Each structure stands twice: as C-alpha cells, then as structure tokens.
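Read through the structure below, which is laid out as structure tokens, and then see the notes.
Values in this text are rule-based calculations from the coordinates and carry no lab data. Keep in mind it's a predicted model, so treat the numbers as computed, not measured. Neighbour counts run over all protein chains shown; Cβ positions are idealised from the backbone, glycine included.
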There are 2 protein chains.
Amino acid sequence: MSEPRWLTSTEAEVWATYRRLRRELQRAQDQQLQRDSGLSAADYALLAPLSESEDGVLRARDLGAEVGWERSRLSHQISRMEKRGLVAREACADDARGSMVRLTGRGRSVIEAAAPGHAETVRRLFFDPLTPAEADSFGVLLEKILKAVEKDAPD
Amino acid sequence: MSEPRWLTSTEAEVWATYRRLRRELQRAQDQQLQRDSGLSAADYALLAPLSESEDGVLRARDLGAEVGWERSRLSHQISRMEKRGLVAREACADDARGSMVRLTGRGRSVIEAAAPGHAETVRRLFFDPLTPAEADSFGVLLEKILKAVEKDAPD
C-alpha cells in the first residue's frame, strides 16, 4: 500500500462526531421505544415497513432487503416476533421456497400506538435543532456520502 | 399526547437517507476490516482508544464510556479479545473493584497494521465525496444534532 491517507484533525473530529451521534441517537431511540411501547429497535424496524405495505404483508426477502439484514438475523427476529403475536409467517403463493411475513392485528395495533412517539422523538432530536434550510443541506450531504458508499459496494 | 408531530415528506426522506447511510457505511467498514485485518468492528472499537492511550492501558470503565457500551457487552468483548491475545486484564492499583485493560504487543501490531486501511476507507467513503467546505458544514450540522441528543439524555 502507498503512503496511507490519514484523516486531517478536522476530519477526525467530524468522523468522531458522526460516530458519537450514531451511537447516542440510537440509544435515545431505543430507550424511548422500549419505555413507551415495549418494542426493541429491531421490532420497530420490521413492523414499520410491514405496516406501510399493501395488506400488511411482504415477502421475507423484500423485508430483509428493506432493513439490510442477513437472512439468519431476519429469521431469528421474525421467530421472536411471531411468538409475541406481532407477525405471522405464510407460504408464498408464487414461490414454493419463499415465505411471506404478515402483520397481525395485534402487530398493527402495537406499531400504530408506537408511531407517534417515535416520530416525535425523531423530530425533537434530529430536526428541531436544524432550520429547514439546514435540514435540506444535511440531506444533500448525507445523500452524497451514501452514493459513494453504495457505488463502492461489491454487489 | 397532543396531535403527533409527524415528519414532513422532506424530513422523512432525510431521515431515511441517514438510516441507510448508517447501515451501509457500517457494513462497508465491517467488510473492509474483516477482509484486510481479520478484525470485527467491536475489536477495532476497543483497540483504537487503547492504542492511543498512554502506555496502551485504560480503566475498563473509561474504555466502556469511550465506546458507549453496557458493562456486560464490554466484559464479553474483552474476554473474547483476551483469548486471542489482543488485550490483557489487570487489577487496578487505585481501586480494588476496578479493572484495567492493557493492549498486548500482539494487539498493538494488529491495530497498527489495520489503521491505514481503516483510515483509507473512512477517507474514501466519507470525505472524498465532499469538498472541504462541505465537510465543515457537515460537521457543524452533526454537532448541532448531537448537542440536542446529549441534552435530552436522562443522565
């Protein structure tokens, strides 16, 4: 490898701030969800896209792509949520090897009760500190970095 | 609760971009570290502050505060790394109930070999897509949000 490109001190500070924000925001959200709704972040991550899908049902593989998890992690999490009556697994009509995940009535009640508090937390912590123009700039910068990360991915 | 403050569609997009970036960047870094150095993100998270500390030794509680982990997660991770000869636990001279974590010679070689590739990845994915002025703005916005999150924390 040629001479490594170390971060400048300003860059190192920005990077440290990013990592601290990622950690502290995740912690704040986890606490709020657990306290107000008895849900983990993983529960919420699956319930939200299911509740927004047509008829509350998604192919397991599409749900996995949505949250970006490996198959085994997804499968374990679905099993845990199935035991708690939040979702149900179904066979996939089009694909004998595929499976579908359906939000139960109870799952829908739980996510609908949790959503306002979750949105309020995101608003209060993530958007209230910024002006609308700053939020737009922030979105543009996040998008630039995300594009570079996605372009870099092997697949 | 009063009428929930839902996110606007622009905010919902910024929030979704933030979450996708968080996930994809983490994945890209995990892959690079594992492939080039055989280290997990958790290994790196502990080795980096140890390698930067005086004499390569930190109190376990300070190391835990540095990475923001619960005590049990920290303890399990240290045990795994101890078995691989990367760190060693020591009694704390000042505090009979406290323990210290020391980077071994092998731990230092491993982190020193991993650091250039890690820095290169952060540079390429996180800073190369931005101009220096954009990186500064990004840092300012991250800092604003982080302050709100830290102010909101119960302790």
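A few notes on this one:
- Within a Gaussian network of chain B (alpha carbon springs, distance under 10 Å), most fluctuating of B:Glu24, B:Glu134, B:Glu120: B:Glu134
- Proximal charge balance of B:Arg123 [Cβ under 11 Å; K/R count +1, D/E count -1]: -1
- Over 31 Å (Cα to Cα) - which of A:Lys147/B:Lys144; A:Lys147/B:Lys147; A:Lys83/B:Lys144; A:Lys144/B:Lys147 fall in this group: A:Lys83/B:Lys144
- Other protein chain C-beta atoms within 10 Å of residue C-beta, averaged over A:8-18: 6.
- Within 10 Å of each Cβ in A:113-121, the average number of Cβ atoms from other chains: 3
- Cα centre as origin, Lys/Arg/Asp/Glu Cβ charges: the stretch A:1-147 dipole, Debye: 600
- Around A:Gln34: net Lys/Arg minus Asp/Glu count, Cβ-Cβ under 13 Å: -1
- Computed on the stretch A:24-78, with alpha-carbon pairs under 8 angstrom and 6+ residues apart, the relative contact order is 24 percent.
- Difference of contour (0.36 nm per residue) and Cα-Cα distance, A:Ser99 to A:Glu82: 4.8 nm
- Full-stretch length increase - A:Lys151, A:Arg73 - with 0.36 nm per residue and alpha-carbon distance subtracted: 25.6 nm
- Cα gyration tensor of chain B - equivalent ellipsoid semi-axes, whole Å, descending: 33, 22, 14
- Computed over chain A, relative contact order equals 22 percent, with contacts defined as Cα pairs under 8 Å that lie 6+ residues apart.
- Unit charges on C-beta of K, R, D, E only; dipole of the stretch A:2-61, Debye: 240
- The residue among B:Gln77, B:Ala65, B:Ser37 whose Cα reaches farthest toward the positive pole of the charge dipole of the stretch B:24-114, with charges on the beta-carbon of Lys, Arg, Asp and Glu, is B:Gln77.
- Dipole magnitude of the protein assembly as shown, debye to nearest 20 (Cβ charges: Lys/Arg +1, Asp/Glu -1, about Cα centre): 1140
- Percentage of interatomic Cα-Cα distances in the stretch A:81-155 larger than 16 Å: 72
- Helix-only arithmetic for chain A: the sum of -39500 (n - 2.57) across DSSP H runs with n ≥ 4, divided by the residue total, places the mean residue ellipticity at 222 nm at -22000 deg cm²/dmol.
- Working note: Karplus 6.51/-1.76/1.60 with θ = phi - 60° gives the stretch A:46-52 the couplings 8, 5, 4, x, 5, 5, 8 Hz, where Gly and Pro are set to x.
- Kirkwood hydrodynamic radius over Cα pairs of the protein assembly as shown, then Stokes diffusion coefficient at 10 °C and 1.306 mPa s, in µm²/s: 74
- Averaged over the residues of peptide B:67-74, the number of Cβ atoms from other protein chains lying within 10 Å of each residue's Cβ is 1.
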